[in-house]
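Taking it in order: structure first as structure tokens, then the write-up.
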Amino acid sequence: MRQTLESVIGQSVRPTKWIIVDDGSTDETPRILEEYKARHDWIEIVTRRDRGRRAVGPGVIEAFYAGYETIKPDDYEYLCKLDLDLILPPRYFESLMERMTAEPRIATCSGKAYQKAADRLIKEKHGDETSLGMTKFYRVSSFEDIGGFVREVMWDGIDCHRCRMKGWIACSWDAPELRFVHLRPMGSTQQGIYTGRMRHGFGQYFMGTGFLFIAASALGRVNEKPYLLGSCAILWGWLKSALRRTPRYADMEFRRFLRRYQMRALLVGKKRATEELHRRN
């Protein structure tokens, strides 16, 4: 957490206001946050009661809105949903704003995540057509236009698809000034990496992803640790939800849009399918 705090404080362009939500921490987090708040008047702390368990997905977005509801969104041009397990490069925010100024259709964007492994960095696998969930940088007007985040597991996929559906662009770039270190592996949980992969499969099912697309997606990740078994866990998360007839995201217009986009991506690839959509928009 201290590493994230220091990397934000050291930004070439600092946030006008940083609302840090303490989601019921029981360790030294409150003391450390108060220490930084005392030194920086643009940092504010919102404290939530400990719910007694970790709640990824809905819990993450509930915490986000606990902070978001303390501001007047119209007072700001940009917002960023930021996790406290990242090390940002010094021009991170400035570089994103420069790119959004150059392309007014960008609604949300981010850099790319890397993990430390001994003396090198390993890139996490993320598509260029999405902004990464741990650091979603948004144009406030676009965020309001898509209706904000959905309070469910696949919130960080639904928002990018809703952006495209509304004619906006969602993207991320692997540029040196935008590469950040992710201190906890994506898709991991306190219960283990397989639970995280199964949760991803459920999230894809909830969002509206079809079986062909999730099968192709799982197949494309067989060379990622945990090899093969991680892909099986993703697929089982989707199948288990389907067999149980778990309720899906209720917006049928969105799900029809998603299926068309995903089928086109299977035929021509995500990059071309996304470019075609941007040209039509």
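In the condition set (1) touching a Phe, Trp or Tyr at 6+ places or on another chain (Cβ under 7 Å); (2) under 18 Å from Met134 (Cβ atoms), Ile19 is compliant with all but (1). Among residues of segment 103-145 being within 15 Å of the chain's Cα centre (by Cα) and β-branched (Val, Ile, Thr), the one that is surrounded by the most Cβ atoms within 10 Å (Cβ to Cβ) is Thr108. For Leu33, indicate whether it is aliphatic (A, V, I, L, M) and under 30 Å from Ala175 (Cα atoms). So Leu33 fails the test. Within segment 107-125, residues that are free of Cβ contacts under 8 Å to residues at least 12 places away in the same chain have Cβ atoms under 9 Å from residues that are surrounded by 16 or more Cβ atoms within 10 Å (Cβ to Cβ) and in a strand (DSSP E or B) in these pairs: Ile122/Tyr114, counting only partners at least 6 apart in sequence or on another chain.
Have a look at Trp168, Trp238, Trp173 and point out the one that is farther than 26 Å from Thr135 by Cβ and either aliphatic (A, V, I, L, M) or open to solvent by 20 Å² or more (accessible area, probe 1.4 Å) (or both). Full working, then the answer.
Working: Trp168 fails: farther than 26 Å from Thr135 by Cβ; Trp173 fails: farther than 26 Å from Thr135 by Cβ.
Criteria check complete, one pass: Trp238.
Of the set (1) loosely packed, with under 15 Cβ neighbours inside 10 Å; (2) free of Cβ contacts under 8 Å to residues at least 24 places away in the same chain; (3) over 22 Å from Arg139 (Cβ atoms), all apply to Asp50 but (2).
Only one of the numbered conditions (1) assigned to a loop (DSSP other than H, G, I, E, B); (2) open to solvent by 30 Å² or more (accessible area, probe 1.4 Å); (3) within 15 Å of Arg162 (Cβ to Cβ) is not met by Thr209, and that is (2). Scoring Arg31 on the criteria (1) touching a Pro at 6+ places or on another chain (Cβ under 9 Å); (2) more than 24 Å from His182 (Cβ to Cβ) leaves a single failure, condition (1).
Of all residues in segment 69-100, those being free of Cβ contacts under 8 Å to residues at least 24 places away in the same chain and within 16 Å of Gln11 (Cα to Cα) number 1.
Taking the criterion of being modelled with pLDDT of 95 or more, surrounded by 15 or more Cβ atoms within 10 Å (Cβ to Cβ) and part of a loop (DSSP other than H, G, I, E, B), the residues of segment 15-28 that qualify are Pro15, Lys17.
The values are calculated or read from the model by the stated rules, or taken from the named source; none is laboratory data. Just so you know, these numbers come straight off a predicted model, no measurement behind them. Note that we place each Cβ from the backbone using ideal geometry, even for glycine, and neighbour counts take in every protein chain shown. For the accessible areas, the whole protein counts, side chains as well, though only heavy atoms, and no ligand, DNA or RNA atoms are used. Shrake-Rupley method; radii C 1.70, N 1.55, O 1.52, S 1.80 Å.
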